[in-house]
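So the structure is just underneath, and the comments pick up after that.
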Amino acid sequence: MNTQFHPATSTGAYLAQIPADVQLRAADYTHGGHWIVLFSALVGVAINLLILRLRWLSRLRWRARAGLVFAVYYLLAWTLDLPWAMYAHWWRERHYGLSQQGLGAWLSESLISACFSAVLLAVVAMLMYALMRRAPRTWWIWSGGVTSAMIIAVTALAPVVIEPVFNQFQPLPAGSQRDAIGALARQAGIPAGQIISYDGSKQSSRYTAHVSGLGGSARIAVSDALLAQASEAELRAVVGHEIGHYVMHHELWLAFGYSALLTFAFWMLHRLYVPLARLLGAAHAGPLSDPAGLPLLSIILTLSFLLFTPITNGMTRLIENQADVYSLEHAREPQGMALALLRTADYRAADPGLLEEWLFYDHPSIARRIQRALDWQARH
């Protein structure tokens with residue numbers, strides 16, 4: 001009898017377990033998500049054009065106070081964007097069965113999130129406009145440094161200041177799951193208290209865990225949805241993946257990557273602001289150092305990061321690949337990883353083409369990740 005293991009054949013067998021209706025729904029959700037990225041940018045541009053055309057910011061008497069102008073701008077932009085955000089981030093999730101969160105709860109969390117964002121971005125805006133006035137030729141370099149420091153600070157403080165506002169975090173309950181996770185944590189030199197559970201199911205039914213924080217604030221948070229559904233092998237594979245992020249400081253590397261892209265976007269803003277103002281007939285917005293030009297600034301940054309989408313997705317896929325390899329080498333659960341990946345097929349089309357994956361996927365495809373896990377099993 002031929003008992004040779006064939007990873008490619010086994011990968012096909014795994015994918016064949018996904019029911020046809022689930023495949024169709026996941027493909028519809030995934031492809032719709034690609035359009036959401038584009039239309040979110042276009043909605044943002046349209047909102048900024050409206051604010052610019054109506055000259056709301058240009059009419060403010062205290063335009064020199066960047067923080068106050070930004071507060072007015074952010075309130076206007078957030079309010080105008082709310083119907084689209086409601087559709088893209090609440091209605092779609094409920095429509096596809098990925099969330100049971102009520103509209104009131106979603107609106108409450110969105111408002112809290114907007115308040116956090118408004119405070120942080122107002123600080124950045126005040127510093128940036130001060131740099132524009134004092135260093136008109138090199139402000140974009142200094143602003144890149146300021147925003148880099150802000151990104152790193154927010155990443156470090158998120159588990160302590162921001163995340164507890166939205167969810168309850170607690171130690172893992174005693175039992176076989178905590179024992180299995182604790183063994184992986186000890187192997188990586190991670191204190192047991194750095195791996196915790198949270199009530200993620202109140203926002204999403206997704207099968208997930210995540211790493212947040214830096215240094216002493218870094219921790220691995222496992223959703224109750226994952227704990228309720230996962231076998232021990234799946235749990236070890238998923239948490240091993242998150243431990244890989246933790247050990248390799250991926251949060252810090254992503255912060256550096258986004259900071260570099262943001263600095264480049266500031267340079268583009270420096271070069272394109274005046275030509276765009278002329279094109280749109282927006283002389284009333286004033287020079288680049290005038291906060292009344294915030295809509296122009298936002299349009300350029302929004303379109304810049306739309307163009308950066310393949311780069312940001314590629315950055316994320318790289319660290320996800322590295323975390324998968326770490327999990328395979330330390331948790332040693334290739335079948336558990338394959339089964340865990342199948343559970344994400346509700347919201348990710350499993351086997352996209354290479355170009356689609358390169359352009360739009362911020363995680364490697366399910367098919368390629370299962371193939372890698374089974375290739376690892378064949379070698380070991």
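The values are calculated or read from the model by the stated rules, or taken from the named source; none is laboratory data. This one's a predicted model, so the numbers in the text were calculated from it and none came from an experiment. Glycine also receives a Cβ, built like all others from the backbone with ideal geometry; neighbour counts cover every protein chain displayed.
See the values below:
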{"item": "In the range 279-330, the residues that are outside any helix (DSSP H, G or I), within 26 Å of Ala64 (Cβ to Cβ) and not acidic (Asp, Glu)", "result": "Leu280, Gly281, Ala282, Gly286, Pro287, Leu288, Ser289"}
{"item": "The range 267-295 residues that are more than 19 Å from Leu121 (Cα to Cα) and surrounded by 14 or more Cβ atoms within 10 Å (Cβ to Cβ), paired with ones that are hydroxyl-bearing (Ser, Thr, Tyr) and at pLDDT below 95 (beta carbon under 6 Å, 6 or more apart)", "result": "His284/Ser58"}
{"item": "Test: residue in the range 188-202 that is buried (at least 17 other Cβ atoms within 10 Å of the Cβ), within 19 Å of His363 (Cα to Cα) and of a type in the set (Phe, Trp, Tyr)", "result": "no"}
{"item": "Unique residue being surrounded by 15 or more Cβ atoms within 10 Å (Cβ to Cβ), at pLDDT 95 or above and either over 24 Å from Phe360 (Cβ atoms) or not basic (Lys, Arg) (or both) when the list is Met86, Met150, Met126", "result": "Met86"}
{"item": "Residue match in the range 30-46 (condition: farther than 22 Å from Ala114 by Cβ and touching a helix residue (DSSP H, G or I) at 6+ places or on another chain (Cβ under 6 Å))", "result": "yes"}
{"item": "Elements of type helices (runs of 4 or more DSSP H) in the range 157-233, at least 1 residues being β-branched (Val, Ile, Thr), out of contact with any Cys (no Cβ under 6 Å at 6 or more places or on another chain) and at negative phi", "result": "163-166, 176-188"}
{"item": "Test: residue in the range 248-255 that is among the acidic types (Asp, Glu) and within 25 Å of Met128 (Cα to Cα)", "result": "yes"}
{"item": "Close pairs (7 angstrom Cβ cut-off, 6 or more residues apart or separate chains): farther than 19 Å from Asp21 by Cα in the range 318-347, outside any helix (DSSP H, G or I) and polar (S, T, N, Q) anywhere", "result": "Gly336/Ser231"}
{"item": "Residue within the range 159-176 that is closer than 14 Å to Gly216 by Cα, touching a Ser or Thr at 6+ places or on another chain (Cβ under 6 Å) and either crowded, with 18+ Cβ neighbours inside 10 Å or touching a residue at least 12 places away in the same chain (Cβ under 8 Å) (or both) present", "result": "yes"}
{"item": "Residue check, Ala338 over 20 Å from the mean Cα position of the chain (by Cα), among the small types (Gly, Ala, Ser) and crowded, with 21+ Cβ neighbours inside 10 Å", "result": "yes"}
{"item": "Hits in the range 226-241 - residues which are surrounded by fewer than 22 Cβ atoms within 10 Å (Cβ to Cβ) and either under 19 Å from the mean Cα position of the chain (by Cα) or farther than 28 Å from Arg92 by Cα (or both)", "result": "Ser231, Glu232, Ala233"}
{"item": "Filter pass, Gly97 being at pLDDT below 95, loosely packed, with under 13 Cβ neighbours inside 10 Å and out of contact with any helix residue (DSSP H, G or I) (no Cβ under 7 Å at 6 or more places or on another chain)", "result": "yes"}
{"item": "Residues satisfying the stated conditions in the range 311-331, i.e. over 20 Å from the mean Cα position of the chain (by Cα) and buried (at least 17 other Cβ atoms within 10 Å of the Cβ)", "result": "Tyr326, Ser327, Leu328, His330, Ala331"}
{"item": "Those helices (runs of 4 or more DSSP H) lying entirely in the range 2-108 with at least 1 residues more than 22 Å from the chain's Cα centre (by Cα)", "result": "7-16, 20-54, 66-85"}
{"item": "Residue in the range 281-290 that is at pLDDT 95 or above, over 26 Å from Trp142 (Cβ atoms) and either in contact with a strand residue (DSSP E or B) (Cβ under 7 Å, 6 or more places away or on another chain) or not aliphatic (A, V, I, L, M) (or both) present", "result": "no"}
{"item": "Failed condition for Ser223, given (1) over 20 Å from Tyr326 (Cα atoms); (2) surrounded by fewer than 21 Cβ atoms within 10 Å (Cβ to Cβ)", "result": "(2)"}
{"item": "Residue within the range 302-310 that is surrounded by 15 or more Cβ atoms within 10 Å (Cβ to Cβ), modelled with pLDDT of 95 or more and aliphatic (A, V, I, L, M) present", "result": "yes"}
